[in-house]
Amino acid sequence: MTRLLLWDVDRTLLVGGGVGVEAYAAAFTAVTGLEWVGSLVAAGRTDLSITPELFAQHGIADHTPYLGAFFARYADEFAARGDAMAAHGRVLPGVPEVLAALHADPGVVQTLVTGNIAAVGVAKVAAFGLDRFFDTRIGGYGDDHPVRSELVGRARERAEAVHGPFADGDVLVIGDTVLDVGAALAAGVVAVGVATGPSTTQELAAAGAHHVLEDLSDVAATIALLSG
Ligand SMILES: [Mg+2]
């Protein structure tokens with residue numbers, strides 16, 4: 001294997017249509033007994049960094065006693081909404097074609113680096129039939145560490161344990177926010193920004209992205225860029 005592609009999920013591969021937040025809120029109420037009134041901008045952040053803030057918004061200063069049960073319930077609530085995800089969400093342009101072509105390339109390994117907890121990140125791509133393109137035994141997830149750059153490092157370690165070493169220049173993070181770009185740079189790997197989320201092409205470039213795309217709709221060009 002020569003290339004490791006580390007894909008963000010939300011707004012890079014797909015749009016969830018609010019189903020993740022619904023599942024999160026339902027899990028919160030189930031585990032704490034409190035009505036959900038949470039609100040924050042989660043884009044590009046990890047569930048382990050978001051969750052303490054959302055619990056604090058409800059007056060829970062120490063979320064840690066709830067964490068294991070909460071993440072387990074969140075995974076269950078999300079799994080129960082897989083059909084809603086497929087109905088209300090959508091895959092972004094070019095994504096299935098790009099993932100399929102890169103999956104067929106024997107030199108490429110694809111997995112996820114997402115702020116979602118592993119069960120939810122994998123369920124999101126599975127809702128659209130995209131999970132077959134990823135090695136989800138590996139990857140970096142929002143229940144691994146609160147700091148996104150650590151997820152990149154974790155994903156690389158896991159990938160190298162299975163597939164052998166990759167050069168820094170052959171590890172690519174593909175994501176839609178300046179936080180994805182920053183995480184890639186902090187981990188010493190290549191950042192590919194895609195402007196299908198909250199960050200503009202200018203913002204992604206200014207954050208230091210090595211490559212910036214409007215979206216993945218130019219399938220041939222995207223495959224050429226990512227496969228090297
Ligand atoms: Mg994203």
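The values are calculated or read from the model by the stated rules, or taken from the named source; none is laboratory data. What you see is a predicted model; the values in this text were computed from it and never measured. Don't worry about glycine lacking a Cβ; one is built from the backbone with ideal geometry, like all the others, and counts go over all protein chains shown.
List of remarks:
- Filtering region 24-59 to residues that are of a type in the set (Gly, Ala, Ser), assigned to a helix (DSSP H, G or I) and free of Cβ contacts under 8 Å to residues at least 60 places away in the same chain leaves ALA25, ALA26, ALA27, ALA30, ALA56.
- Every pair of residues 6+ apart whose Cβ atoms lie under 8 Å, when the first sits in region 146-174 and is of a type in the set (D, E, K, R) while the second is part of a helix (DSSP H, G or I) and modelled with pLDDT of 95 or more: ARG148/LEU179; ARG148/ASP180; ARG148/GLY182; ARG148/ALA183
- When region 152-181 is limited to residues that are touching a Ser or Thr at 6+ places or on another chain (Cβ under 7 Å) and assigned to a helix (DSSP H, G or I), the one that is nearest to the ligand (Cβ to nearest atom) turns out to be VAL178.
- Residue check for HIS145: away from the ligand (no atom under 16 Å from the Cβ) and touching a strand residue (DSSP E or B) at 6+ places or on another chain (Cβ under 8 Å): no
- Flag if ALA86 is of a type in the set (A, V, I, L, M, F, W, C) and in a helix (DSSP H, G or I): yes
- Test: residue in region 129-136 that is in contact with a Gly (Cβ under 8 Å, 6 or more places away or on another chain), of a type outside the set (Phe, Trp, Tyr) and not in a strand (DSSP E or B): no
- Criterion: among the hydroxyl-bearing types (Ser, Thr, Tyr) and either surrounded by fewer than 18 Cβ atoms within 10 Å (Cβ to Cβ) or more than 22 Å from ALA23 (Cα to Cα) (or both) - qualifying residue of THR64, THR46, THR51: THR64
To keep it simple, each residue is scored yes or no on (1) touching a helix residue (DSSP H, G or I) at 6+ places or on another chain (Cβ under 8 Å); (2) modelled with pLDDT of 95 or more.
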| residue | (1), (2) |
| --- | --- |
| ILE50 | no, no |
| GLN57 | no, no |
| LEU92 | no, yes |
| GLU97 | yes, yes |
| VAL113 | yes, yes |
| ALA118 | no, yes |
| GLY121 | no, yes |
| VAL125 | yes, yes |
| LEU130 | yes, yes |
